[in-house]
Each structure stands twice: as structure tokens, then as C-alpha cells.
Amino acid sequence: MTQTQSEQRPPIVDRSAVRWSYVSGTSDTSLLGMTIGDALDRTVALYSDRDALISRHQSLRYTWRQLQDEVNRFARGLMALGIEKGDRVGIWSPTYAEWTITQYATAKIGAILVNVNPGYRLHELEYALNQSGCNTLVLAPNFRATSYIEMMQTLAPELARCAPGHLDSHKLPHLRHVIRLGTEHTPGMWVWGEVMERATEIAPERLAERQAQQEFDDPANIQYTSGTTGNPKGATLSHHNILNNGYFVAHLQGFTENDRLCAPVPLYHCFGCVMGNLGTMTHGAAIVYPAETFDPQATLEAVEAERCTSLYGVPTMFIAELAHPDFDRYDYSALRTGVMAGSPCPVEVMRQVMSKMHMSEVEICYGMTETSPVSFQTHLDDTIEKRVATVGQIHPFVEVKVVDPASGAVVPRGEPGELLTRGYSVMLGYWNNEDATRVAIDAARWMHTGDLATMDDDGYVNIVGRLKDMVIRGGENIYPREVEEFLYSHPKVSDVQVFGVPDVKYGEELTAWVKLKEGQTATPEELQDFCRGQIATFKIPRYWKFVDAFPMTVTGKIQKFIMRQQAIKELGLLGASNIQTA
């Protein structure tokens, strides 16, 4: 007996009866239609004598009026150096007040701030400065045991023979000005104070005129994200992108001018310069920098001494704070809220933060640099279950859909698929990289995140995996292809595959499986030494294995998931892989 033609047809689905994985965020509060510089001036007019920025390790305190004065001076100093609208100004420094002053000053004069990761070494620094075309770099003298001055002198030995502002470097052909923090003089470099003094050459009216030329859709910031095809890509973000995202992150925490945020997170990352700096600025709240880099004791001291109401951090920071031997000595009674973001948070850690640190309203945020960064956030009145098991609901004025990675069709609620986002927060594109931009942002302006997610009936999203091969180590995004391509340059390496394995402390750690050239021998220590000083420390694999071949499909595709499973067993990491995360 044969089936009839009608019996062979697939059943017709009533699409109107299906709840699809799409949400759009609404709000009674409008987007801010202004530039960063104008928003700063508005805040100063409203809250001039209130605390704006406290950098405890520098013993610096600014009211909003005092901060504005410093910003305007540095902006006029940059104009005196000849910095024009659209010029790229890099900032390579740990957390200092000067970082934030540079952020606001460049926004006022229409220059584009280029965030340089403090962990960058020679190879990465050279690439970022050249790819962005920086003509100016503001840098700290050093960071931990690394001398930024010496690294710059290595890349641009011409500094020893030129006057400040006249650099003509073979390796850094765009760079003209190097501005160093501190008071010491270095050949070929401006001192920060010298640039501030040159503000007298530019009348305040000229700065006001320049500021008035800026539009909120102009690019304001380039932030480098590790690239799946080797080199980092510069996510180009507008005033509108980051000003509004910072505003709504703080708005959803209930921020007012009475709030005080302790921000031990790095400023080069969106967590610090957008969610922290711009979030507090748009509400007139104060921001507190405990130390030049994360230090759990300095953070706890700052929370108590400054009566902070909010605390930011990636999960590893909160874990370190909770585990500090003097944790019980400090007063957390002023805290009420904060943000955990950057990587999945173990549920038990979230519960301890809520109970032991008085942060009953702590929230989870999810996003990516390319979306300014936040797309989802939990709310103050969310249940504990929602706050520990999801990344929250859609941000105001943002759209999200979950699609089948193969077909691009929106999937029903509860089914996994790739998370796509659209709205004001999506970056302008990758700097000087149209091909990568077209891959990331489709014709309908949907940003493809590469993350696998599910959406429940209430619009809450849970991140269940990643399409991209990204590893998140302690809040730092690492793309194995970038590390692989660097290791390929080792003369003994024939092939290498890098992937992530679970880790109790950092969430994930890097593992490298290495195939050596015939007749060669090497040790993990030798390859680690090859990496040191050339790529950021957090990108250096912790685990190494030398192999003769990699597991592959019949078509020759390397199967990293099999390698990861084997590594977890061989390294005894089954326990770490079973830790429950939000």
C-alpha cells in the first residue's frame, strides 16, 4: 500500500500559535540624544559640588566641577598639539584618574579613544597602534613589573632622537605624540603636565566650538576584541552606543546622584569605561577606583571607607573578596546592588555575595564589546532563581532573537539557537575591516553574537554554549586562533590547536596541543618562555600536550570537542566541569 501525495506532505504548522524567541526592550525613559561631552557638562550643571571620581591609590578626589576643569584643560592641551576630529588617541594604562580624563577629553574634541589592553606585549601593541592608525598614545610609565616606557622605546627607538610631538617611527608610522603619566621626563615623550600647561594656547571658546561640532552618532571609542581569524578586531563604538548603554545599566540598578560605585574592573574594558564611568556620569553618581589593578583587600577597604552602594566585578573578583582572610573585618552595610558580568557565575558565589556582602539587589549582565556591551540584565525585583539561573531580560531599546544557526529561522521559545541582537547598541563596525563587519552584522543590522542561548516564556535568556571558539578566562575573552597563529611562528612548531578546559578559579583555562616538526623536541616551559613578553599573560596556555596528530573528521576537520573531552579526563578536571553556573 502506497501513501497518497497528501499523506507525504509535512504537517502545516500554525505559526500564529507558536511563541517565538524574539523580544524587544521598552522603557518609559528615553534614549539620551547627546554626545558624551555634552552629557558630562549637563551632569556638572546639576551636581557640580558632589563627588565624581575618587582614585584611592593616587589620593585623588574630584567633584564634578573639578573633574570637568581637568577634562577641559586636557582637551585644550590636545588641541594645542594639533589633535583633530577623527584622530585616534590611544590610552595604555591601568586604572588611573588620567584614563578617565582622557576618555572625556577625547570625546569633547571629537578624537576617537583607542583602548589598549594593559596586558598587551610588543606584538599586540604594535598591531593595535598601527591597525587603528593612532597618532597619539597616552601611557603609564609601567604596570606591575612591566615597563611600558621600555616597551615603547623597543618599538620606537627613534624616540631617543626626536623632540616630543615629532616621532617618525619605522614600526609605528602613524604615531607622532607619546604622552607619559607622572612627572619624570623621557626623551621624545610629552609629560602629562606639559600637555595640561599647553591648554593656555587654546581659548575656552575654541573648545566649546569644537565640542559643538560633534554628533552623537560619531565614533568615540575603538575597543579591540580578540579575533577568531588571528588578529584582534577594533569594535568601533559611537557616543550614542556607549553613553546610552552605560546609562541604562546604571538606571536598571536604580542609580541616583546618591550612589557610589566601587569599580575594581579594568577601564580598558567596557565594564569599566562604559558600565562604570559612563553609568555613574549620566546619573551624577560617584565612582571609586580602589587600586591600579584588582586587589581584593583594596576593594574591601574602599567599599567600607567610601560607603559604596554598588560593587562591580567578574566572578573571580567576588570569589577572591569572599575568600580574603580579613573579609569579616569590613563593613558592607552601605552596599545594596552591583553587577556580576564577564563570565558565568557559580550559583553559590552569587548567593554568598547577596547574603555576606549585603548586596541583595546584585544583578547579572550579559553582552559583548560589539554591543556596547550589555544586551541583557536581571532586575532588582527578580527572584533569586532568575538572578542565578539566567542573564536576565532584554535591555531597553534593544531587540534580540534566537535563530537556528543553519537556516537563520527564529526558533520557538525554549529551543537553543544563536543569539542575535539589534538596536542602538550595535557597534558602527570593525575599524578598517569591512569584511569582518559584514560577517558580524547582517544586512538587517542584526549582530551575530556566536553564543547559543535559550529564551523562556518570560523573555529571560540562558546562555548554553558558544558557536565561536572563544574561551572566557576570568572575564578575559580569548580566541584560540589568535594564540595558535602566534605559536605557529615558533620554529619548532608544525601545528597547534588551542582550546579551553574548565577551571574552578577562572572558569576556563587554555590548553595547547602541539605537533612539532619532524626531528624536533620541546618542553612546555620552552613554549611558555616563547610567549612571555610577546602576548598577554592570560593568553599563555596553562596546559600543554605534544601529539603526533589531532582527532579529525573524514573530511579533515579537527574535532576540538573530542580533544577537550580527553583533556578534561587526563587533567582530572571532571569536578570543575560540573560546577553549576548562572
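A few points about this structure:
- Residue-level check: of (1) under 15 Å from the mean Cα position of the chain (by Cα); (2) on the phi > 0 side of the Ramachandran plot, GLY254 misses just (1).
- When the stretch 185-201 is filtered for residues that are surrounded by 17 or more Cβ atoms within 10 Å (Cβ to Cβ) and outside any helix (DSSP H, G or I), the ones remaining, listed by number, are THR186, GLY188, MET189, TRP190, VAL191.
- Taking the criterion of being open to solvent by 40 Å² or more (accessible area, probe 1.4 Å), in contact (Cβ under 8 Å) with a residue 24 or more places away in the chain and closer than 22 Å to PHE255 by Cα, no residue of the stretch 57-71 qualifies.
- Residue match in the stretch 490-505 (condition: touching a strand residue (DSSP E or B) at 6+ places or on another chain (Cβ under 6 Å), of a type outside the set (Phe, Trp, Tyr) and assigned to a loop (DSSP other than H, G, I, E, B)): yes
- The single residue among THR369, THR309 that is over 22 Å from the mean Cα position of the chain (by Cα), under 23 Å from VAL274 (Cα atoms), open to solvent by less than 30 Å² (accessible area, probe 1.4 Å) and among the hydroxyl-bearing types (Ser, Thr, Tyr) turns out to be THR309.
- Sub-6 Å Cβ pairs linking a first residue in the stretch 191-219 that is in contact (Cβ under 8 Å) with a residue 24 or more places away in the chain and of a type in the set (Val, Ile, Thr) to a second residue that is assigned to a helix (DSSP H, G or I) and open to solvent by less than 90 Å² (accessible area, probe 1.4 Å), at least 6 apart or interchain, are VAL195/GLY77; ILE202/ARG76; ILE202/MET79; ILE202/ALA80, ordered by first then second residue.
- A single entry from VAL426, VAL402 fulfils the requirement of being of a type in the set (A, V, I, L, M), in contact (Cβ under 8 Å) with a residue 12 or more places away in the chain and touching a helix residue (DSSP H, G or I) at 6+ places or on another chain (Cβ under 7 Å): VAL426.
- PHE318 being under 20 Å from the mean Cα position of the chain (by Cα), over 30 Å from GLY423 (Cα atoms) and part of a loop (DSSP other than H, G, I, E, B): no
- For the stretch 335-361, the tally of residues that are open to solvent by 10 Å² or more (accessible area, probe 1.4 Å), of a type outside the set (Gly, Ala, Ser) and not in a helix (DSSP H, G or I) stands at 5.
- Test for THR106: is it under 20 Å from PRO290 (Cβ atoms), in a helix (DSSP H, G or I) and not aromatic (Phe, Trp, Tyr): no
The values are calculated or read from the model by the stated rules, or taken from the named source; none is laboratory data. Everything quoted here is computed from the prediction, not taken from an experiment. Heads up, the Cβs are rebuilt from the backbone with ideal geometry, glycines too, and the neighbour counts pull from every protein chain shown. Note: accessible area is taken over every heavy atom of the protein model, side chains too, but ligands, DNA and RNA are not part of it. Shrake-Rupley method; radii C 1.70, N 1.55, O 1.52, S 1.80 Å.
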